[in-house]
1. For the condition open to solvent by 30 Å² or more (accessible area, probe 1.4 Å) and over 26 Å from the mean Cα position of the chain (by Cα), what is the one hit in Ala198, Ala161?
2. Hey, could you check region 374-427 for residues that are in a loop (DSSP other than H, G, I, E, B) and small (Gly, Ala, Ser) and say which is surrounded by the most Cβ atoms within 10 Å (Cβ to Cβ)?
3. Could you please find all residues in region 45-74 being open to solvent by 20 Å² or more (accessible area, probe 1.4 Å), under 16 Å from Gly114 (Cβ atoms) and outside any helix (DSSP H, G or I)?
4. Any idea which of Leu306, Leu348, Leu352 is of a type in the set (A, V, I, L, M) and within 19 Å of the chain's Cα centre (by Cα)?
5. For the list (1) modelled with pLDDT of 95 or more; (2) in contact with a Gly (Cβ under 9 Å, 6 or more places away or on another chain), I need the number of the one condition that Gly59 fails.
6. Report, by residue number, each residue of region 290-332 that is surrounded by fewer than 21 Cβ atoms within 10 Å (Cβ to Cβ) and over 27 Å from Arg224 (Cα atoms).
7. Can you name every residue in region 12-42 that is open to solvent by 60 Å² or more (accessible area, probe 1.4 Å), out of contact with any strand residue (DSSP E or B) (no Cβ under 9 Å at 6 or more places or on another chain), without any contact (Cβ under 8 Å) to a residue 40 or more places away in the chain and not charged (D, E, K, R)?
8. Is it the case that some residue within region 2-15 is among the hydroxyl-bearing types (Ser, Thr, Tyr) and over 16 Å from Ala117 (Cβ atoms)?
Amino acid sequence: GATADRIGYVEAHGTGTALGDPIEFEALAEAIGKARPDGSKVALGSVKTQIGHLEAAAGIAGLVKAALVLDRERIPPLANLETPNPRLAQAGTAIVLPRTAASWPRIDRPRLAGVSAFGLSGTNAHVVLEEAPPAPRLAAGDVERPAHLFVLSARSSASLAELARRHADALERSPDASLADVCHTVATGRAHFEYRRAIVARSREGLARDLAGAPPVRTPAAGRPRVAFLFSGQGSQHAGAARELLATQPVFAQVLGRCDSALRDRAGWSLHDVLDPAGPLAGRIDETGFAQPAIFAIEVALAELLRSWGIVPDLVLGHSVGEYAAACAAGVVSIEDGLALVAERARLMQGLPAGGAMVWTAADEGTARRLALPYGERVSIASVNGPRDTVLSGDEDAVLEVAAALERAGTPTKRLRVSHAFHSRRM
């Protein structure tokens, strides 16, 4: 959809010869240099006037310069130009030969620059560049991340120590440098080697101090390790959950917003009313009907945030309502469909008679079953999460009696914040 009259700058080859320049100028004038109704101009430039002919690299040098012209919003003068070739027929064209630097500010539509650069052996490059979108900046009221991850690596411990020292010196010399920009650049702009440092940075001064601290860690260069995402079930929810993520992580906030919109349409209430400690539904966060959709939404939003950072799972696993988040992360269902299932599941569970209790204990499965046996179906083994990680569920009085027996025997227990006895006969 671009038209020739939108090009405001051309990085030309510029032979510097009496014969070559007029040929190139005439071709450019015919293609993009016709007089324009709005009076706009197209400026010519040539990096060759500054560094000579780079032979096979002439095309990429011109491309780099044109990108910089767009980025800096400034058109540089043609270096060493004193008297233009009289055979350049500028009259009646929109082409200008800049003698001094000029600003090229952004306008209401993307600016375009052309590259017409020629290498040796017949290598020609004719490219049109569009300006990149403006770099995101924090607006008034936005909250920057409170901490950033600073990572460095090198081929040897000595090289890494020297690299850390140089970065510490650079931070001290640049008090106005953005900590976020510094951490982003070192993470994405450098190769990754065997000797590594990783620092959680909250200020430039703190980062500079930490760079002089602990020794590097040597990691085997065996490729990317396998990653698994594990999604928990009900019981960990609380008002105020994910507030910092919502305030500082746009990807997390976007996904949670999708869940909130879908939930409003389906259930008629907002996640923010439940998760905000001052929200009208904050006191009901432990009720199944509200807890399960909130847990699902936070888990899928966190999974998408990790993906946006390049942390992609090879395996996913979930417990109870976390199974739905795992299915969503695996691509089995969409976020909206997963939320619909969870919301309906929660509604049905909420409709059951309240009561019962769930208790976690550090007992092994055998001990838990032995103590629960006298109570019959009134106490169930809800889950066995590890050798000494068991959850009991069932009638409240019976479950609490088993928990008391475990405590007397010196085995820790903890009552879960749930409204029903999940994974028991009561469900």
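The values are calculated or read from the model by the stated rules, or taken from the named source; none is laboratory data. All figures in this text were calculated on a predicted structure; none of them were measured in a lab. Positions of Cβ are generated from backbone atoms using ideal geometry, with glycine treated the same way; all protein chains shown enter the neighbour counts. Ligands, DNA and RNA are excluded from the accessible area calculation, which covers all protein heavy atoms including side chains. Shrake-Rupley method; radii C 1.70, N 1.55, O 1.52, S 1.80 Å.
1. Working: Ala198 fails: over 26 Å from the mean Cα position of the chain (by Cα).
Of the residues listed, the single one that is open to solvent by 30 Å² or more (accessible area, probe 1.4 Å) and over 26 Å from the mean Cα position of the chain (by Cα) is Ala161.
2. Within region 374-427, the first condition is being in a loop (DSSP other than H, G, I, E, B), and the residues that meet it are 387-388, 395, 409-412, 416-419, 421-427.
With small (Gly, Ala, Ser) added as a condition, the list becomes 409-410, 419, 421, 424.
Working: Ala409: 10, Gly410: 7, Ser419: 20, Ala421: 27, Ser424: 22.
Filtering first and then ranking leaves Ala421.
3. If the condition is that a residue be open to solvent by 20 Å² or more (accessible area, probe 1.4 Å), under 16 Å from Gly114 (Cβ atoms) and outside any helix (DSSP H, G or I), then Val47 is the only one that fits.
4. Leu306
5. Of (1) modelled with pLDDT of 95 or more; (2) in contact with a Gly (Cβ under 9 Å, 6 or more places away or on another chain), only one is false for Gly59: (1).
6. Hit for region 290-332 is Ser320, nothing else.
7. Those that are open to solvent by 60 Å² or more (accessible area, probe 1.4 Å), out of contact with any strand residue (DSSP E or B) (no Cβ under 9 Å at 6 or more places or on another chain), without any contact (Cβ under 8 Å) to a residue 40 or more places away in the chain and not charged (D, E, K, R): Gly16, Thr17, Leu19, Ile23, Pro37.
8. Checked region 2-15: at least one residue is among the hydroxyl-bearing types (Ser, Thr, Tyr) and over 16 Å from Ala117 (Cβ atoms).
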